[in-house]
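Asks: Below are the structure tokens for one structure; questions will follow.
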Ligand SMILES: [Zn+2]
Ligand SMILES: [Zn+2]
């Protein structure tokens, strides 16, 4: 599918870091839209649509409160800038703890990768058990990017158990039982991204999924469970 890709304005102070683009099909009617495939979710489950947008474009926010702990959430593509460029936006990376800098830098991703992650996550959302059905135009749009969708087929990226859409509703103290996960936590792109149970994502931690599985396998083997 060829996309419109006309430039979209933004009021963000980081507008110069990356140009945002219309993601509607080329030659579309009506106004340009950066997240057209989220329109339906926005009306039936706005929390989910906002989570998809946030997780795909922003670094994850830790419980960072002190000044040397760094910004809470920031656009992932801003983290591609070097220290000097970030200083011009008032972000002093050298004043942060090295672990914080490493974490932030690890979350960096290009604008295009973030846009494709948002599309891929939406594709997964609609395939969760108990998910709302996508309107045909959105279904076709997402399928043209990632292939045919099968209702109810989305599983946790880590434990492979079905991941119910209803889990999105069960947020406790701001932390939902569903999180975005990565096969390799250091790569944020459409191929590498999944949803996972929060507990599974926490268990995987900084390991790649392969490293995590062999770690578990080693434990089970030593414990005589294999
Ligand atoms: Zn457009
Ligand atoms: Zn799981």
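The values are calculated or read from the model by the stated rules, or taken from the named source; none is laboratory data. Keep in mind that what you see is a predicted model, and the values were worked out from it rather than measured. FYI the Cβ positions are ideal-geometry reconstructions off the backbone, even for glycines, and counts take in every protein chain you see.
Asks: Quick check on my filter: what residues within region 174-205 are in contact with a strand residue (DSSP E or B) (Cβ under 9 Å, 6 or more places away or on another chain), free of Cβ contacts under 8 Å to residues at least 24 places away in the same chain and in a helix (DSSP H, G or I)?
Replies: Selection gives 198, 202.
One line per residue, one yes/no per condition, for (1) within 12 Å of ligand 2 (Cβ to nearest atom); (2) surrounded by fewer than 19 Cβ atoms within 10 Å (Cβ to Cβ); (3) modelled with pLDDT under 95:
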site: 175; (1), (2), (3): no, yes, yes
site: 181; (1), (2), (3): yes, no, no
site: 190; (1), (2), (3): no, no, no
site: 197; (1), (2), (3): yes, no, no
site: 220; (1), (2), (3): no, yes, no
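Asks: Would you check which residues across region 6-51 are closer than 18 Å to residue 74 by Cβ and part of a helix (DSSP H, G or I) and list them?
Replies: 50, 51
Asks: Let me ask another. If you take the residues of region 131-143 that are surrounded by 14 or more Cβ atoms within 10 Å (Cβ to Cβ) and in a loop (DSSP other than H, G, I, E, B), which of them is nearest to ligand 1 (Cβ to nearest atom)?
Replies: 134
Asks: Out of region 114-173, which residues are touching a helix residue (DSSP H, G or I) at 6+ places or on another chain (Cβ under 6 Å), free of Cβ contacts under 8 Å to residues at least 40 places away in the same chain and within 14 Å of residue 40 (Cα to Cα)?
Replies: 123, 131
Asks: Can residue 146 be described as surrounded by 18 or more Cβ atoms within 10 Å (Cβ to Cβ) and more than 16 Å from ligand 1 (Cβ to nearest atom)?
Replies: Answer is no for this residue.
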